[in-house]
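The values are calculated or read from the model by the stated rules, or taken from the named source; none is laboratory data. It should be emphasised that the depicted structure is a prediction, and the values quoted were computed from it without experimental measurement. As a convention, Cβ positions derive from the backbone with ideal geometry for all residues, glycine included, and neighbour counts pool all protein chains shown. When the accessible area is computed, the model is the full protein with side chains, heavy atoms only, and any ligands, DNA or RNA have been set aside. Shrake-Rupley method; radii C 1.70, N 1.55, O 1.52, S 1.80 Å.
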Amino acid sequence: MLTLTEKIIFLIVVVLSGSLAVAGFTRIFHAISRGHGGLPSWETFKRRVIPMSMDIVLQRPIFKTRPLPSLLHAFVFFAFGFYALVNVVDVLEGFVHFSTTGQGGVIGIYNLIADVLSFLGLAGMAALLLRRFVQKPFAIKSDVLLLPEARRGIARDSLIVGTFILTHLGARWVGQAFHIAETGAFDPFQPTASVVALGLSGASEAFLTAGMHVTWWLAIGLILLFLPYFTYSKHIHLMVGPLNWIMREDRPMGRLEGPVKNGHVGANQLQDLRTYQIMDAYACIMCNRCQDACPAYLSGRPLSPAALEINKRYFLNQNLSSFAGGDTAIPPMLDMALPRAAIWSCTTCAACVNICPMGNRPMLDIIEVRRYLVNEGDELDANLQAALESFGRQGNSFNKPARQRAKWAKEVAPPIKDARKEPVEYLWFVGDYASYDPRIQENTQAVAQLFHQAGLDFGILYDAERNAGNDVRRVGEEGLFEMLVEQNMKAMEKATFQAIVTTDPHSYNTLKNEYREAGLKVPVYHYTEILDDLLHTGKLTPVNRVDAVVTYHDPCYLARYNRITAPPRRVLSAIGARLHEMERHGEYTHCCGAGGGCVWMESAGEDRPSVQRIREAATIGEDLRYFVVACPKDMAMYSDAVKTAGYEGKIEIVDIASLVLQSVRRPPAERTEPEPLPKQQEQEPSKTKQAEPVDVEKEVVA
């Protein structure tokens, strides 16, 4: 098909374009390699490449939200993916003088797939461009730091990439129509192109030949011209996105790595981040899904996880040669990626990590910058500073002495065992809010009464318990976290127990995922898992149906981090509650706003996440009676939010344990006095099963 001159020109362009593209990819490789930690082992790659490739091919990460745009993207993805084969075949047609047009069998099936995907890809890309530039759903608020070149470049890059895809697919599709018109017969294996060919009937042979050459060069030549730009466009996510998933470290979401150390603790500059964190910038497709899920952004704070990754990317685009070459004169992350106000707005809820279709983890960048600021003695929010000092002195954020930690237990009968003095099956790690906050103590006592009524063999550490350190670590105070872990481990070494149960999802997360590195080997459960088992096995028997409409708020550290979503719902079902789900539930729950140390920081004057959540619950209808929580911090946050939102007296915030106690407690007329409590079964092993550890890729794509 091609003339000798065309073949020579094509080969020259291949060499020039390929050389520029290779140079660009080389610079990107060196830029990513400046990060710490290196890449995962070859064994990790081999283990993950097949299952993760299947997820990518089936577009599972994309379909977690936005079903219609996700379907349109899938059309483009499948078309562009199949075109890797189509382009090779077309080049061969141009050089070897053969044609697939009009053929059946395997080639006919190939033509049919190419024809259908060409049409769907064109339709999908056109619809996505209309969505972006007419509906304009993507916006980043003006108070969010976004580099000037990024504000100018995002729309331009989208237009260039979209136009390239339309032209590439369209030229090849129309080119096939020219081929079909040349044969003068309808090709049943290329139905859509054959329809276009009807409009070319009667055209001269010279016109058809010219059309075939022009469309071939538009389709194939455009790829060659686009290759050097590919390394600078967001289209590079086609390569880096899959690598980001496949090469992701084998680590549960709830287990942080220790801080990066590059002459200092944490990340001050881009090169202080880990390898995969720099790679995140190239995997980002600028879809803003993370921003749409971010409670800080939605509450008016100047934090956008999308802007963080976009800023990193555009900075690298502008400074790729110098950065890849090892330049250390790099602006701080606070000036280049996100400012202090954004850094301290993050609730570490991991919504951005969970929702990202490319497997990016912007939250981890924020934690590394926090570590740097804390280690360097940067001025902190006064309330946060006071809380950290209280942790150091008292082991809790309430600045209360340790001897008052178990004061709530004095009203519980029979007395709760001291696990340091006698063996127990379950060590109950109560947590700060459940122990010290007067609003929560009644719920804590309800849990104790349920455990006693079920005959559970349990005990607590009394004054030896300290805060587990989950949020301390995510604030960036690694040294204080290590101190709290050491204190708790010493206390637990003096106790004899088979498993840990905790009322606090934050404590649950760090005990289960991070205390392993300190030597903790026993299973860790959330109290809803225990209540679920006790109800299932008949050790707790509901006698009063909770005949009310309820909604359940999934705590981030329970549902999103550790995938504990079913047990609380089974508990509510067992006691007869009529559960109506909020739109955002399960792993897609909306954060209450307390995590990452935000519960201790000043945030007045904002539309807080907790208030937004109450309004979301109110949309269920006037029949809603209970807003059910399973986290002490949630109880505190929503008790305030229901007042602020104007629903006090209409929606009642209640801990799930209180509802269970209400259900299993016999009416006074049916009781005998005194009501005997079940004997402790110290040697009977629990039948509750430990929840399986969640791998990071399952957390995001399950």
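Here is a check on your reading of the model: is Arg27 at positive phi and either free of Cβ contacts under 8 Å to residues at least 40 places away in the same chain or open to solvent by less than 90 Å² (accessible area, probe 1.4 Å) (or both)? Criteria not met by Arg27. Only one entry in Ala499, Ala518, Ala468 is in contact with a Ser or Thr (Cβ under 7 Å, 6 or more places away or on another chain), surrounded by fewer than 24 Cβ atoms within 10 Å (Cβ to Cβ) and small (Gly, Ala, Ser), namely Ala499. When we screen Val14, Val22 for residues that are under 23 Å from Phe226 (Cβ atoms) and in contact (Cβ under 8 Å) with a residue 40 or more places away in the chain, the only hit is Val14. The condition of being more than 26 Å from Ala171 (Cβ to Cβ) and among the small types (Gly, Ala, Ser) holds for only one of Ala79, Ala74, Ala31, that being Ala31.
The condition of being hydroxyl-bearing (Ser, Thr, Tyr) and touching a residue at least 40 places away in the same chain (Cβ under 8 Å) holds for only one of Ser639, Ser610, that being Ser639. Taking Ala193, is it in contact (Cβ under 8 Å) with a residue 40 or more places away in the chain, of a type in the set (A, V, I, L, M, F, W, C) and either under 30 Å from Pro51 (Cβ atoms) or open to solvent by less than 30 Å² (accessible area, probe 1.4 Å) (or both)? In short, yes.
Scanning the range 219-232 turns up no residue that is open to solvent by 20 Å² or more (accessible area, probe 1.4 Å) and among the polar types (S, T, N, Q). Looking across the range 47-62, the residues that are surrounded by 16 or more Cβ atoms within 10 Å (Cβ to Cβ) and in a helix (DSSP H, G or I) come down to Arg48, Met52, Asp55, Ile56, Ile62.
Of the residues in the range 291-305, at least one is on the phi > 0 side of the Ramachandran plot, assigned by TED's automatic domain parsing to the domain that holds Ile56, part of a loop (DSSP other than H, G, I, E, B) and not hydroxyl-bearing (Ser, Thr, Tyr). Here Glu43 meets the list (1) in a helix (DSSP H, G or I); (2) surrounded by 17 or more Cβ atoms within 10 Å (Cβ to Cβ); (3) out of contact with any Leu (no Cβ under 9 Å at 6 or more places or on another chain) almost entirely, failing just condition (2).
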